[in-house]
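The values are calculated or read from the model by the stated rules, or taken from the named source; none is laboratory data. Fair warning: this is a prediction, and the values are worked out from it, not measured in the lab. Don't worry about glycine lacking a Cβ; one is built from the backbone with ideal geometry, like all the others, and counts go over all protein chains shown. Ligands, DNA and RNA are excluded from the accessible area calculation, which covers all protein heavy atoms including side chains. Shrake-Rupley method; radii C 1.70, N 1.55, O 1.52, S 1.80 Å.
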Amino acid sequence: MVGISPIVEEFLFRGVIQQSLVQRLGLIRGVSLVALLWTLLRPAPIAGFSRFLAAALASFMLGWLLGIVRIATGSILGPILLASGWAAVGLAALTLEGRADWPGLNVPGT
């Protein structure tokens, strides 16, 4: 989740698909389309429509940020490290649930 997945996803989405779409559609439309595709292929298993929508929006914004980092650095290493860091925070929140409360991450109702 923290190691292989970000490498494979970022190589595919930012290294192959985004590079091609940005050349054809331009920067904003290419990055936005890849972020939307990335969000749709990574469903958030969250109960409740409003929470699901918030998670989907956050996922889209992260996908867009990863795309911009790819453009700014000219390499997929930046998005890989950023995605790995984000996955590590999520993994830590799940692992520490009940032992360390992080409002907004692993505390129900926040």
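A few points about this structure:
- Stretching the chain fully between Met61 and Leu81 yields a gain of 5.6 nm (0.36 nm per residue, less the alpha carbon separation).
- Label-point separation, Leu27 to Thr73 (7 Å along Cα→Cβ), nm: 1.8
- Helix-derived mean residue ellipticity, 222 nm - over the chain, DSSP H n ≥ 4, -39500 (n - 2.57), to 500: -21000 deg cm²/dmol
- The simple Förster model, with R0 at 35 Å and r as the Cβ-Cβ distance, assigns Ala88 and Gln19 a FRET efficiency of 0.85.
- Taken about its Cα centre, the chain carries a charge dipole of roughly 300 debye when the Cβ of each Lys and Arg holds +1 and the Cβ of each Asp and Glu holds -1.
- Prolate/oblate/rounded label for segment 1-67 (Cα gyration tensor, a/c 1.5): oblate
- Per residue, the chain exposes 63 Å² of accessible surface when a 1.4 Å probe is rolled over the protein heavy atoms with every protein chain present.
- Anisotropy class of segment 31-95 from Cα gyration tensor, a/c 1.5 cut: oblate
- Of the accessible area of the chain, computed with a 1.4 Å probe over protein heavy atoms only, carbon and sulfur atoms account for 73 percent.
- Gained length - Leu36 relative to Val8, 0.36 nm times residue gap less alpha-carbon distance: 8.3 nm
- Counted charge near Leu27, where neighbours are those whose Cβ lies closer than 15 Å (Asp, Glu -1; Lys, Arg +1): +4
- Karplus 3J(HN,Hα) series, Hz, for segment 59-75 with 6.51 cos²θ - 1.76 cosθ + 1.60 (x for Gly, Pro): 5, 4, 5, 5, x, 5, 4, 4, x, 5, 4, 4, 5, 5, 8, x, 9
- Relative contact order for the chain, counting Cα pairs under 8 Å that sit 6 or more residues apart, in percent: 28
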